[in-house]
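The values are calculated or read from the model by the stated rules, or taken from the named source; none is laboratory data. Remember, predicted model here, so these are calculated numbers, not experimental data. Positions of Cβ are backbone-derived with ideal geometry, glycine not excepted, and every protein chain shown enters the neighbour counts.
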Amino acid sequence: MYRFTQPEFAGRIGAAREEITPPVGIYARNWGAAMHDVAEGVHRPLTLTALCLQSEEDPEGLLLIAADLGWWRTLDDERQLRRGVLDALNLSPERLLIALSHTHAGPAICREDADKPGGDLIAPYLDGVLQSAVRAANAARSSAQAAVLTWSYGRCALAKHRDLPDPEGGRVLCGFHPGVPADDTLLVGRVADREGRPLATLVNYACHPVTLAWDIRLISPDYVGAMREVVENYTDQAPCLFLQGASGELAPREEYTDDTALADSHGRQLGYAVLAALEGMLPPATGMHYACPMESGAPLAVWKRRSVTASRHLKAIRFEAEIPLKELPSLAALEAEIALCSDRVMRERLVRRRRIRQALGEGDTARMPCWAWRIGDALLVAQPNEAYSHLQTTLRQRFADRPVAVLNVTNGPYCGYLPPSNLYDQDLYQVWQSPFASGCLEITVEACAQALQSLTE
């Protein structure tokens with residue numbers, strides 16, 4: 001008998017949201033080319049949304065938090081937030097993911113910048129983000145109800161390849177390359193109760209939020225804000241969680257502007273693609289079966305809907321990928337360079353390298369933490385750095401019978417890019433910025449594949 005079933009998870013699911021827009025005047029210099037230091041206004045509010053997943057066999061469950069923040073500059077700041085949530089909810093470390101949208105128009109989230117203009121607002125802001133995360137997580141838990149999470153792939157052409165050979169030769173620029181195809185895969189998760197009422201939407205898509213760049217003086221979630229608005233207006237204001245995919249070489253065609261209308265247009269483009277995926281789903285816990293032939297002008301195959309039992313599997317593991325490092329300067333050498341550097345852009349690069357060295361230690365390899373979840377029929381893998389899309393395309397090929405969500409910039413420590421080995425002979429930002437040696441991406445792919453395989457056995 002022919003049949004079709006949607007990939008699903010059935011259990012108790014709850015979602016809750018907090019606003020985390022920082023105060024105007026906070027230090028918000030995220031670009032070396034920026035000529036300003038502080039935020040002068042707000043384009044759209046920043047949000048933090050928590051999703052709780054539980055099963056009868058696993059009442060502790062899993063907690064996914066999606067936040068409109070950029071990236072962690074220091075290990076201590078990331079740990080303070082994640083450990084604060086773990087302790088407040090008494091969760092095991094493998095059961096919590098804090099996924100950042102990677103907006104480049106948010107506040108600086110580094111307490112070490114307290115001496116910068118508006119830097120005195122950073123520590124109280126991050127303390128408030130922790131309080132918001134705990135409140136949202138507890139509210140998601142308390143509101144959890146019987147629900148079904150249904151997954152569907154879609155497509156969106158927002159993301160473009162952004163490794164452009166310099167027409168003047170010698171290096172690769174970070175910008176739109178019209179001659180190379182980009183991964184346009186979109187993964188959408190719909191959370192609904194048994195009657196089909198929407199409770200939340202998950203959007204996993206790989207595209208750098210860099211529509212707004214060095215000239216923008218407003219706090220903004222970039223395209224993610226308008227995407228959420230489109231989706232939530234369609235789903236009776238059920239909260240939408242954005243999960244940044246493996247977007248190391250992916251960004252919008254038009255980028256690096258101060259045009260908030262363009263950022264909103266990008267968000268609507270992604271939002272409409274999400275709606276198309278939602279419209280293509282069957283009702284929760286519903287499949288189809290081949291019923292009979294019908295003789296007409298052609299012999300027709302008649303399919304009918306039927307109720308199905310959704311998977312209740314829920315499991316999480318934390319694992320590590322041991323990655324070789326480049327020959328990096330010591331902390332002492334970097335401190336000496338910083339002391340002698342008077343160029344603002346170069347000094348910012350050196351400060352970032354020092355923080356990376358502090359996070360990685362002085363060894364020649366790093367043990368990068370990763371997380372893998374099984375949520376019913378679906379798999380999810382997350383890591384703290386910026387992997388190229390090869391990570392998600394490869395894992396989705398290997399586990400083609402399941403939806404696979406792949407998350408960048410999740411938990412920590414964040415240190416840099418994971419580019420493919422074949423790019424390491426090029427003068428490319430993602431290569432020279434990264435502290436990781438050639439092979440880092442391929443090692444990560446294999447470690448993630450092994451972890452996901454263990455969840456399916």
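Remarks
- Exactly one residue out of ILE338, ILE375 is of a type in the set (Val, Ile, Thr) and crowded, with 23+ Cβ neighbours inside 10 Å: that is ILE375.
- Residues satisfying the criterion are absent from region 240-252 (criterion: within 26 Å of VAL42 (Cα to Cα) and without any contact (Cβ under 8 Å) to a residue 60 or more places away in the chain).
- Failed condition for ARG352, given (1) closer than 23 Å to GLY416 by Cα; (2) part of a loop (DSSP other than H, G, I, E, B): (2)
- Positions within region 258-303 being more than 22 Å from ARG197 (Cα to Cα) and part of a strand (DSSP E or B), in sequence order: HIS289, TYR290, ALA291, CYS292, PRO293, MET294, GLU295, PRO299, LEU300, ALA301, VAL302, TRP303
- All conditions but one from (1) touching a residue at least 40 places away in the same chain (Cβ under 8 Å); (2) touching a strand residue (DSSP E or B) at 6+ places or on another chain (Cβ under 6 Å); (3) buried (at least 16 other Cβ atoms within 10 Å of the Cβ); (4) not small (Gly, Ala, Ser) apply to ASP264; the one that does not is (2).
- Residue in region 182-226 that is nearest to the chain's Cα centre (by Cα), counting only those that are in a strand (DSSP E or B) and small (Gly, Ala, Ser): GLY189
- Note on region 291-335: among residues that are of a type in the set (S, T, N, Q) and without any contact (Cβ under 8 Å) to a residue 40 or more places away in the chain, the one that is surrounded by the fewest Cβ atoms within 10 Å (Cβ to Cβ) is SER296.
- Tabulated pairs, region 127-151, first farther than 20 Å from THR21 by Cβ and polar (S, T, N, Q), second part of a helix (DSSP H, G or I) and modelled with pLDDT under 95, C-beta under 6 angstrom, 6+ apart or interchain: none
- Filter result for ALA108 (among the small types (Gly, Ala, Ser), buried (at least 18 other Cβ atoms within 10 Å of the Cβ), in contact (Cβ under 8 Å) with a residue 60 or more places away in the chain and not in a strand (DSSP E or B)): yes
Let's see how each residue does on (1) among the polar types (S, T, N, Q); (2) in contact (Cβ under 8 Å) with a residue 60 or more places away in the chain; (3) in a strand (DSSP E or B):
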| residue | (1), (2), (3) |
| --- | --- |
| ARG374 | no, yes, yes |
| LEU379 | no, yes, yes |
| ASP401 | no, no, no |
| PRO413 | no, yes, no |
| ALA449 | no, no, no |
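- The one condition in (1) surrounded by fewer than 18 Cβ atoms within 10 Å (Cβ to Cβ); (2) at pLDDT below 95 that ARG83 fails to fulfil: (2)
- The single condition among (1) within 25 Å of the chain's Cα centre (by Cα); (2) surrounded by 19 or more Cβ atoms within 10 Å (Cβ to Cβ) that ARG352 does not satisfy is (2).
- Residues within region 326-353 that are touching a Gly at 6+ places or on another chain (Cβ under 7 Å) and among the aliphatic types (A, V, I, L, M), tallied: 1
- Filter result for the condition that a residue is part of a helix (DSSP H, G or I), crowded, with 23+ Cβ neighbours inside 10 Å and of a type outside the set (Asp, Glu), over GLN397, GLN392, GLN430: GLN392
- Identity of the residue in region 433-454, hydrophobic (A, V, I, L, M, F, W, C) and within 13 Å of LYS326 (Cα to Cα), that ends up surrounded by the fewest Cβ atoms within 10 Å (Cβ to Cβ): ALA437
- Check on GLN237, among the polar types (S, T, N, Q) and within 19 Å of the chain's Cα centre (by Cα): no
- All positions within region 234-260 that are aliphatic (A, V, I, L, M) and under 23 Å from VAL409 (Cβ atoms): LEU241, LEU243, ALA246, LEU250, ALA251
- Criterion (hydrophobic (A, V, I, L, M, F, W, C), modelled with pLDDT of 95 or more, more than 21 Å from the chain's Cα centre (by Cα) and not in a loop (DSSP other than H, G, I, E, B)) met by exactly one of ALA66, ALA139, ALA133, ALA99: ALA139
- Across region 38-60, a minimum of one residue is classified as in contact (Cβ under 8 Å) with a residue 12 or more places away in the chain and in contact with a Cys (Cβ under 8 Å, 6 or more places away or on another chain).
- Every residue from region 146-181 that is assigned to a strand (DSSP E or B), charged (D, E, K, R) and surrounded by 21 or more Cβ atoms within 10 Å (Cβ to Cβ): LYS160, ASP163
- The number of residues in region 102-120 being of a type in the set (A, V, I, L, M, F, W, C), touching a strand residue (DSSP E or B) at 6+ places or on another chain (Cβ under 7 Å) and either more than 25 Å from ALA382 (Cα to Cα) or modelled with pLDDT under 95 (or both) comes to 0.
- PRO198 being closer than 20 Å to ALA66 by Cα and without any contact (Cβ under 8 Å) to a residue 60 or more places away in the chain: yes
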